[in-house]
1. Are any of the residues in segment 475-483 buried (at least 18 other Cβ atoms within 10 Å of the Cβ), under 28 Å from S336 (Cβ atoms) and of a type in the set (D, E)?
2. Out of S469, S465, which single residue is within 16 Å of ligand 2 (Cβ to nearest atom) and touching a Ser or Thr at 6+ places or on another chain (Cβ under 6 Å)?
3. Give me the residue from segment 134-185 that is assigned to a helix (DSSP H, G or I) and of a type in the set (S, T, Y) and, out of that set, modelled with the lowest pLDDT.
4. Check D443, D415, D438, D449 and return the single one that is surrounded by fewer than 18 Cβ atoms within 10 Å (Cβ to Cβ) and within 26 Å of P158 (Cβ to Cβ).
5. Suppose the filter is among the acidic types (D, E), surrounded by 13 or more Cβ atoms within 10 Å (Cβ to Cβ) and either outside the structural domain of Y251 (by TED's automatic domain parsing) or over 29 Å from N445 (Cα atoms) (or both); does D374 pass it?
6. So, in segment 83-124, of the ones that are farther than 19 Å from S225 by Cβ, in contact (Cβ under 8 Å) with a residue 12 or more places away in the chain and away from ligand 2 (no atom under 16 Å from the Cβ), which residue ends up surrounded by the most Cβ atoms within 10 Å (Cβ to Cβ)?
7. I want to confirm something. Restricting to segment 455-480 and keeping residues that are free of Cβ contacts under 8 Å to residues at least 40 places away in the same chain and out of contact with any strand residue (DSSP E or B) (no Cβ under 8 Å at 6 or more places or on another chain), which single residue is farthest from ligand 1 (Cβ to nearest atom)?
8. Could you figure out which of (1) more than 15 Å from N483 (Cβ to Cβ); (2) part of a loop (DSSP other than H, G, I, E, B) isn't true of S342?
Amino acid sequence: MLPTSANSPKRRVLRRWRNRIRHQLPQSRQRRWLLYIAILATVHFFVGYGQRDLRRAFPFLFGEIDEPPTYKQLRQWELDLPQHNLELPFPEGRNGRYVYFRNQVRKLGWNNALNEVLMNTHLAYKSNRTYVFQDYMWKRSYYPWRWYKHRDWRPRTPLNALIGGPSAGGPWDKDDPAPRSVSERWFDIVCPKSERRIIYSEDVKPAIRWKNGDVIFKHWQKLLSEAPERCIEVKPVSLKVDPFPQTFDLYVWGSERILPLWEEFKNSPVSQLLSTSPIVQSAVDRNLYLFMARSSRAQNTDVPDPFDRMLAIHLRRGDFSQACLDLANWNSTFYSWNLLPSLPDSFSTPPGYEWGKNTPENVQLYLERCFPTDEFILNKIRTSRSDYIRGAKSGEPRVLDTLYLLTNDKSGWVDSMRPVLQREGWNTIVTTKQLHLDQEQKDVNMAVDMEFARKAAVFIGNGWSSFTSNIVHRRLVDGRDPNTIRFY
Ligand SMILES: Nc1nc2c(ncn2[C@@H]2O[C@H](COP(=O)(O)OP(=O)(O)OP(=O)(O)O)[C@@H](O)[C@H]2O)c(=O)[nH]1
Ligand SMILES: [Mg+2]
């Protein structure tokens, strides 16, 4: 006999249990059973349903909902990029040649990721291959939301929320036949696993590990250009073998060995066409009123653009109190493009260092510049301002009365500087905390701050910071005078 739904094995078991509870248990025990079940169900509800959903379901209990964006529209837009089409003729589509840098840095600061994204795109471009772009994977301590608000167990942001341009799938110049970048998801379709050649970073790096950036670049370029395979995935080895398995690793970025790449990289279409994402731009626009001048009428008319009257200073704090000590004990140079000799305020590593340990005087020297005192900062702002005003060509009106303090400081320290700065004649002082941002804009808040710093007339940064170095990159690509870029 076929089981009917009323007679199915599942139903029969349920019926048997119901009868057992009804007929075999006394009423008091029946009630206790029901209580246990109710408690279990409640626990299950809280754990399974998740804090985030509860907050959404009962906003009157938990207050304002402030949680990561879904990026639903942006993700769909990335999915629908026109290059995601197998029918496109070579060098795109099913016959195109692709490279996926699976060894790109993950779970580190955005700017360690960004410099690599850009250099890898340039490498793919020069190797006549399509660059495969990836979501930015957050380092947990930098993520702007609390852990229970994560949408994914590993928080991530689509690249197009953070930047625009060829790295993120934007077009190349009109007459440039280079293939447009594709997303990781599309790479899985156009290059199924069975068709990929895997190159382990450690099979390539030993021969070039300590060479200059241009030698490393050419080595990879030759390999990627000459490989007959259509699809290449560069995979990291275990972190035990190489803790920095990137193509251009932290050791290259944190040393002068990166500098031989500068001229070509600066002039490359990857740098020249790099653009501000619409989400970042919208955050800048909606907050611009904060920077509208509060000076005299004459000064306002002389220099009406708020960016032209702005000095922006990147105050890298928080985890840098420890990071600066580490940098001192490893006698570290400035980071990446901050090392360019055309920039003022360079830092020379002092003598007297031993492996992993520096002298107390040298440590002090590092702290002075890496985690400076209020007085040191005030002095730097003063001299940078007067140097800039003094550098005006004859007849050129220069006004600097607006200060933007961009920072990761959460202690309120920055606000304590405000009265002193006001006394020094800064009419408009704005800090990171004052920006009004929606969910998506908050998710890319570091890129928003970087955009203000990029466009300010004068920028002061921290020489050891990759955050600062990518602002430096952008300013120099924009053609700004190197003398408007200062380091404390
Ligand atoms: N909004 C904002 N965020 C900042 C600022 N400074 C640091 N952060 C945050 O801290 C992270 C620092 O990581 P990176 O971008 O790699 O910069 P970094 O200076 O190299 O710092 P480390 O990686 O810690 O050495 C950024 O990605 C931001 O999330 C700032 O001025 N404004
Ligand atoms: Mg970093």
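The values are calculated or read from the model by the stated rules, or taken from the named source; none is laboratory data. Just so it is clear, the model here is predicted, and its values are computed rather than measured. Using ideal geometry, Cβ is built from the backbone for each residue, glycine included, and neighbour counts are taken over all protein chains shown.
1. no
2. S469
3. If we take residues in segment 134-185 being assigned to a helix (DSSP H, G or I) and of a type in the set (S, T, Y), then Y148 is modelled with the lowest pLDDT.
4. The match here is D438.
5. Details: among the acidic types (D, E): yes; surrounded by 13 or more Cβ atoms within 10 Å (Cβ to Cβ): no; either outside the structural domain of Y251 (by TED's automatic domain parsing) or over 29 Å from N445 (Cα atoms) (or both): yes.
So D374 fails the test.
6. H84
7. Narrowing segment 455-480 to residues free of Cβ contacts under 8 Å to residues at least 40 places away in the same chain: 475, 478-480.
Next, only the ones that are out of contact with any strand residue (DSSP E or B) (no Cβ under 8 Å at 6 or more places or on another chain) stay: 478-480.
On the way: D478: 19, G479: 24, R480: 19 Å.
The extreme case among them is G479.
8. (1)
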